[in-house]
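This report concerns only the one structure given below.
Just so you know, all these numbers are worked out from the coordinates, no wet-lab data involved. All of these numbers come straight from a predicted model, not from anything done at the bench. For neighbour counting, all protein chains shown are included, and Cβ atoms are generated from backbone atoms with ideal geometry for every residue, glycine included.
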Amino acid sequence: MKKLATNRKLGKRTDIRMAMLKTLTTSFIMHGKVETTLARAKEVKSIADSLISLAIKEKDNFETVDVKVVKAKLDEKGNKVTELVKSKNGKEYLKVVKEETTEKRQKDMPTRLNARRKMMRKLNKVKDSEGNKIDLPSKLFNEIAPKYAGKNVGGYTRIVKAGPRRGDGAEVAILQLI
C-alpha cells in the first residue's frame, strides 16, 4: 500500500509553509486564539496539541537551586549607588557598588530541557510592545499545562468554522484553546 502525505501542502513551498505554520502556532500560543483558513487551522491544531501534550508531560520536571547573583546596589529612587575610587596612576573615577545575594531559581532536568528545545523549534522568539522577551515555553509549562493536567491526551484546542471569507471565499475558522 502506498503511503500518503502526512501534512497539507497549503499551496506553498516547504520553507514558506513551515515559516507560516511556525508564526501561526506562535501567535496561537501567545494569544490563545487565532483566526485563519480551515486547512491552516487543522495543521496548527496538530502542532499546538503536541506542544501542549509535551508541556503537560514535563511541567513538574525541574529542581530549585540557590544561585549567587551579583547586582548593582540601588538607592531609594532606583538609581545605581556609586563610590569615588582612586586608580593606580592617581586619577579618580566613579565605581558602581555591587552586592552579592542568593536567589532560588528553577533548573530544568534533562528531559524538560529537551522538551523546551523541541518547543523552540516549533515557535518563534517574540517580544511584547515594550520590547521585553516573552518566553513561550515557560508560558506553556507554567500557565497552559496546569489547566489541562487532569485531561486525557489531546483535545486541548477547538476549531470553530466562521463561514467563507469575503475576498476569495476561503473557509475561515477560529482556532482556540478549550
* To do: Quickly run through the range 121-150 and pick out the residues that are exposed (fewer than 13 other Cβ atoms within 10 Å of the Cβ) and of a type outside the set (Gly, Ala, Ser).
  => Arg121, Lys125, Lys127, Asp128, Glu130, Asn132, Lys133, Glu143
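If I ask for residues that are among the aliphatic types (A, V, I, L, M), under 16 Å from Lys45 (Cα atoms) and assigned to a helix (DSSP H, G or I), which ones from the range 110-144 would you list? Before the answer, list the steps.
Keep residues of the range 110-144 that are among the aliphatic types (A, V, I, L, M), which gives 113, 115, 119-120, 123, 126, 134, 136, 140, 144.
Cutting the leftovers down to under 16 Å from Lys45 (Cα atoms) gives us 119, 123, 140, 144.
Selection gives Met119, Leu140, Ile144.
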* Asked: Which residues, taken from the range 56-96, are under 30 Å from Glu143 (Cα atoms) and among the hydroxyl-bearing types (Ser, Thr, Tyr)?
  -> Thr64
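Here is a yes/no grid of residues against (1) surrounded by 10 or more Cβ atoms within 10 Å (Cβ to Cβ); (2) farther than 21 Å from Asn114 by Cβ; (3) without any contact (Cβ under 8 Å) to a residue 40 or more places away in the chain; (4) not charged (D, E, K, R):
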| site | (1), (2), (3), (4) |
| --- | --- |
| Lys2 | no, yes, yes, no |
| Gly11 | no, yes, yes, yes |
| Asp15 | no, yes, yes, no |
| Thr36 | yes, yes, no, yes |
| Glu58 | yes, no, no, no |
| Thr64 | no, no, no, yes |
| Lys73 | yes, yes, yes, no |
* To do: For Gly155, work out the one condition from (1) within 30 Å of Gly11 (Cβ to Cβ); (2) out of contact with any helix residue (DSSP H, G or I) (no Cβ under 8 Å at 6 or more places or on another chain) it doesn't fulfil.
  => (2)
* Asked: Which of (1) part of a helix (DSSP H, G or I); (2) of a type in the set (Val, Ile, Thr); (3) farther than 25 Å from Glu35 by Cα does Thr102 not meet, given it meets every other one?
  -> (1)
* Structure fact -> For the range 34-83, the count of residues that are part of a strand (DSSP E or B), among the aliphatic types (A, V, I, L, M) and under 25 Å from Thr102 (Cα atoms) equals 6
* For the range 94-113, what are the residues that are free of Cβ contacts under 8 Å to residues at least 12 places away in the same chain and surrounded by fewer than 10 Cβ atoms within 10 Å (Cβ to Cβ)? -> Pro110
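For the range 136-156, name all the residues that are β-branched (Val, Ile, Thr) and within 17 Å of the chain's Cα centre (by Cα).
Ile144
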